[in-house]
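S.K.: The structure that follows is given in the form of structure tokens.
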Amino acid sequence: MEALLRQSRSLCPFLNKTSPATLRSLSTSTNVTHTAPGGGAMSNLQIIARRCPVMGKALSVQSARSGHYALAGAFGGTRAYHSKVPRAKLHTSRPEKAQAMDLPPSAAPYVPMSEVKRVEEQRDMNRNAGPPVPPKAEQFDYNGFYHNELDKKHKDKSYRYFNNINRLAQEFPQAHMSNTGERVTVWCSNDYLGMGRNPQVLENMHQTLNKYGAGAGGTRNISGHNQHAVALESTVAKLHAKEAALVFSSCYVANDATLATLGSKLPNCVILSDSSNHASMIQGIRHSGAKKVVFAHNNVADLEAKLAALPANVPKIIAFESVYSMCGSIGPIAEICDLAEKYGAITFLDEVHAVGMYGPSGAGVAEHLDFETYASGRSTKGTVQDRVDIITGTLGKAYGCVGGYIAGSAKMVDTIRSLAPGFIFTTSLPPATMAGAKTAIDFQMSEPNDRRLQQLHTRQVQSKLAERDIPVIPNPSHIIPVLVGSAEVAKRASDLLLEKHKIYVQAINYPTVPVGQERLRITPTPGHGQQYQHHLIEALESVWQELDIKRTSDWAAMGGFVGVGVKGKEAVEPIWTDEQLAWGLIAESKEVRSERVFERIEEVGPRAVAVAA
């Protein structure tokens, strides 16, 4: 091609003075006022070529051979040349002079040299501008993503609305809304015993705050380790009769950090998890990267089948809870300990919703299962609590403060202290918080009357709801789950209770509970006496009528659902027996320590008093 171009330049003055880049540009730029023989616009190079005596003849001949006679005539084809003039022989050593007739102005358009210069200047500009800028790629629409995710929550009625509830320490269980003059009664708090306003707890926190300031100053490794942490962990270990304990910023963090650390460090570890476990445990298992095996909720037979399928030498952790907070069911702790010992597993028991609420000292359900042993001060070796390897709990529910912990063997606790990022890299709890939590635990270890009164109030409310045919998911714990069965209706019921009756009970929906099992979760406290109870029952009756919500009899007609309305099913007995509720009351009443509680139990629990007598 280069040789051809050099030869053509020796023959053609135009080619000789025009650069290849300009030729290329002229060949690709078009003039819309002129039509090419094959149709479409002619390029500027074609227009210039038509003015050439040699190329003009050649183009005319080519156009004629293609059958475009009309086009050829219109654009200076054979008629533009004398018929007797011999054809020019292109690319020969002997030049032939083509003889052309004068063309009409319209047949041979003129392309001025200024146009050629303009094309060359444009070429130079493009060359100096560098490579063309690529088109901008479309970026991810973050706001669109947020909108779509929130829209899903709104459409399935599971979007969560927060109410401005400000609990009043001096008016427990009252709170005010955003308007301080608007009072409501809180019926769904996890401060089960009202320890968040206990005078001893508050006094100790005030003193510690004034002396040591607001914050811990850093992680436990960097100025956050102090006498308050040491004392609190010692108290927690004593509570559960374990060698050691470790405090975290929350029990969510405690569960996540402990399971993630053990699951990732134990070689080929397998974690067996109850299907109703809390999100913190599920997250910890996920973070561990260990193999997870889920067994049916509280199903010991299913758990054993899955344990039996695993090699004996593989490390295994059985993770489960004592009180499942949304349904109130109690885990089969003793039976799971039996299986753990049989198949070489360790047990991980979450007592978050049980600490402070069960057992003579409030250590939880594991202690409560050997109530008499712990109450009498006998040796606790071999008890259910003693057999559990790892116990986790919270300082933020029955103890009314904030924080979480684990308790177990000294080596296990030290391993988590040394390896768990969730502990190592988290700022320590403030001194006042730890001081308050220790005071709350100490108080509940020596004063069981709050949890007993709470149990009596729970029984009363359950009985009154049953009289109104309002459906309660049966369970042996302190939690009253009132079945609604629809996320939208549960939200409307909660709103009506708050707006019309000044009662705050939060609706519980997915993902906390399965779709179709939405409910109102009621948690009586020692402060919810007869007057508050009457108000609650009348308000629920009004809401059930107004929204036409299914009652227990309606669920029974449908064959029953999640334990509600199931015919022939035995009544669930509470884990606190009448004998346990009455334990020690006579002696305490003589000391006047529990005169208030004794009078209350005499009023609402004559059966318990009769047992004590």
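S.K.: Would you confirm whether any residue within segment 486-499 is outside any helix (DSSP H, G or I) and either within 30 Å of the chain's Cα centre (by Cα) or over 19 Å from Asn163 (Cα atoms) (or both)?
M.R.: yes
S.K.: Please state which one of Ile601, Ile586 is touching a helix residue (DSSP H, G or I) at 6+ places or on another chain (Cβ under 8 Å), surrounded by fewer than 15 Cβ atoms within 10 Å (Cβ to Cβ) and either at pLDDT 50 or above or part of a helix (DSSP H, G or I) (or both).
M.R.: Ile586
S.K.: Restricting segment 486-512 to residues that are touching a helix residue (DSSP H, G or I) at 6+ places or on another chain (Cβ under 8 Å) and basic (Lys, Arg), which is nearest to Asn179 (Cα to Cα)?
M.R.: Lys500
S.K.: When you go through Lys464, Lys438 one by one, which is the residue that is in contact (Cβ under 8 Å) with a residue 40 or more places away in the chain, outside the structural domain of Val365 (by the TED database), in a helix (DSSP H, G or I) and open to solvent by 40 Å² or more (accessible area, probe 1.4 Å)?
M.R.: Going through Lys464, Lys438 in turn, the sole match is Lys464.
S.K.: A follow-up question, please. With the condition kept exactly as written, say whether any residue in segment 408-416 is over 30 Å from Ser288 (Cα atoms), out of contact with any Gly (no Cβ under 6 Å at 6 or more places or on another chain) and open to solvent by less than 10 Å² (accessible area, probe 1.4 Å).
M.R.: Checked segment 408-416: no residue is over 30 Å from Ser288 (Cα atoms), out of contact with any Gly (no Cβ under 6 Å at 6 or more places or on another chain) and open to solvent by less than 10 Å² (accessible area, probe 1.4 Å).
S.K.: Sticking with this structure for a sec: Which number in (1) crowded, with 22+ Cβ neighbours inside 10 Å; (2) out of contact with any Lys or Arg (no Cβ under 7 Å at 6 or more places or on another chain); (3) within 21 Å of Ile165 (Cα to Cα) marks the one condition that Ile479 misses?
M.R.: Tallying (1) crowded, with 22+ Cβ neighbours inside 10 Å; (2) out of contact with any Lys or Arg (no Cβ under 7 Å at 6 or more places or on another chain); (3) within 21 Å of Ile165 (Cα to Cα), Ile479 fails exactly one: (2).
S.K.: Sticking with this structure for a sec: For Ala490, are the conditions met, namely being over 24 Å from Pro199 (Cα atoms), surrounded by fewer than 21 Cβ atoms within 10 Å (Cβ to Cβ) and among the aliphatic types (A, V, I, L, M)?
M.R.: Considered against the rule, which asks whether it is over 24 Å from Pro199 (Cα atoms), surrounded by fewer than 21 Cβ atoms within 10 Å (Cβ to Cβ) and among the aliphatic types (A, V, I, L, M), Ala490 comes out as no.
S.K.: In segment 248-262, how many are surrounded by fewer than 24 Cβ atoms within 10 Å (Cβ to Cβ) and more than 20 Å from the chain's Cα centre (by Cα)?
M.R.: Result for segment 248-262: 1.
S.K.: Right, another one. Filter segment 357-378 for residues that are among the charged types (D, E, K, R) and at pLDDT 95 or above and give the result.
M.R.: Taking segment 357-378 and keeping what is among the charged types (D, E, K, R), we get 367, 370, 372, 378.
Selection gives Glu367, Asp370, Glu372.
S.K.: Filter segment 331-346 for residues that are crowded, with 22+ Cβ neighbours inside 10 Å and either touching a Phe, Trp or Tyr at 6+ places or on another chain (Cβ under 9 Å) or free of Cβ contacts under 8 Å to residues at least 12 places away in the same chain (or both) and give the result.
M.R.: Gly331, Ile333, Ile336
S.K.: Would it be correct to say that Ala556 is of a type in the set (A, V, I, L, M) and over 34 Å from the mean Cα position of the chain (by Cα)?
M.R.: Spelling it out, Ala556 is indeed of a type in the set (A, V, I, L, M) and over 34 Å from the mean Cα position of the chain (by Cα).
S.K.: Let me ask something additional. Which members of segment 174-192 meet the condition of being more than 20 Å from His535 (Cα to Cα) and either buried (at least 20 other Cβ atoms within 10 Å of the Cβ) or touching a Pro at 6+ places or on another chain (Cβ under 8 Å) (or both)?
M.R.: Hit for segment 174-192 is Asp191, nothing else.
S.K.: Would segment 160-168 turn up any residue that is more than 26 Å from Val402 (Cα to Cα), modelled with pLDDT of 95 or more and open to solvent by less than 50 Å² (accessible area, probe 1.4 Å)? Don't jump to the end; show me each part of the working.
M.R.: To start, the set of residues in segment 160-168 that are more than 26 Å from Val402 (Cα to Cα) comprises none.
Among the residues of segment 160-168, not one is more than 26 Å from Val402 (Cα to Cα), modelled with pLDDT of 95 or more and open to solvent by less than 50 Å² (accessible area, probe 1.4 Å), which makes the answer no.
S.K.: Going by the conditions given, is Glu541 more than 33 Å from the chain's Cα centre (by Cα) and open to solvent by 60 Å² or more (accessible area, probe 1.4 Å)?
M.R.: When the stated conditions are applied, Glu541 does not pass them.
S.K.: Which residue out of Glu573, Glu546, Glu518 is of a type outside the set (Gly, Ala, Ser), touching a residue at least 12 places away in the same chain (Cβ under 8 Å) and open to solvent by less than 60 Å² (accessible area, probe 1.4 Å)? First the steps, then the outcome.
M.R.: On the way: Glu573 fails: open to solvent by less than 60 Å² (accessible area, probe 1.4 Å); Glu546 fails: open to solvent by less than 60 Å² (accessible area, probe 1.4 Å).
Unique residue meeting the criteria: Glu518.
S.K.: Taking segment 271-298 on its own, how many of its residues are of a type in the set (A, V, I, L, M) and open to solvent by 10 Å² or more (accessible area, probe 1.4 Å)?
M.R.: Final tally of qualifying residues: 6.
S.K.: Related question: Name the residues in segment 214-232 that are within 11 Å of Thr433 (Cα to Cα) and surrounded by 12 or more Cβ atoms within 10 Å (Cβ to Cβ), would you? Before you say what the answer is, go through the steps one by one.
M.R.: Step one: filter segment 214-232 for residues within 11 Å of Thr433 (Cα to Cα), giving 214-216, 228-229, 232.
Listed by number, the residues that qualify are Gly215, Ala216, His228, Ala229, Leu232.
S.K.: Right, next: Given the criterion closer than 30 Å to Asn277 by Cβ, among the charged types (D, E, K, R) and at pLDDT 95 or above, identify the matching residue among Arg468, Arg459.
M.R.: Every option except Arg459 fails the conditions.
S.K.: Taking the condition of being in contact with a strand residue (DSSP E or B) (Cβ under 8 Å, 6 or more places away or on another chain) and more than 19 Å from Ala507 (Cβ to Cβ), how many residues in segment 557-575 meet it?
M.R.: Of segment 557-575, the ones in contact with a strand residue (DSSP E or B) (Cβ under 8 Å, 6 or more places away or on another chain) are 561-562, 564, 575.
Still in the running and more than 19 Å from Ala507 (Cβ to Cβ): 575.
Counting residues in segment 557-575 that are in contact with a strand residue (DSSP E or B) (Cβ under 8 Å, 6 or more places away or on another chain) and more than 19 Å from Ala507 (Cβ to Cβ) gives 1.
S.K.: Would you confirm whether any residue within segment 235-253 is out of contact with any helix residue (DSSP H, G or I) (no Cβ under 9 Å at 6 or more places or on another chain) and under 16 Å from Ile424 (Cβ atoms)?
M.R.: Checked against the condition, which is being out of contact with any helix residue (DSSP H, G or I) (no Cβ under 9 Å at 6 or more places or on another chain) and under 16 Å from Ile424 (Cβ atoms), segment 235-253 yields no hits at all.
The values are calculated or read from the model by the stated rules, or taken from the named source; none is laboratory data. Everything numeric in this text was worked out from a predicted model, so none of it was measured. Cβ sites come from the backbone with ideal geometry, for glycine too, and all protein chains shown count toward neighbours. Ligands, DNA and RNA are excluded from the accessible area calculation, which covers all protein heavy atoms including side chains. Shrake-Rupley method; radii C 1.70, N 1.55, O 1.52, S 1.80 Å.
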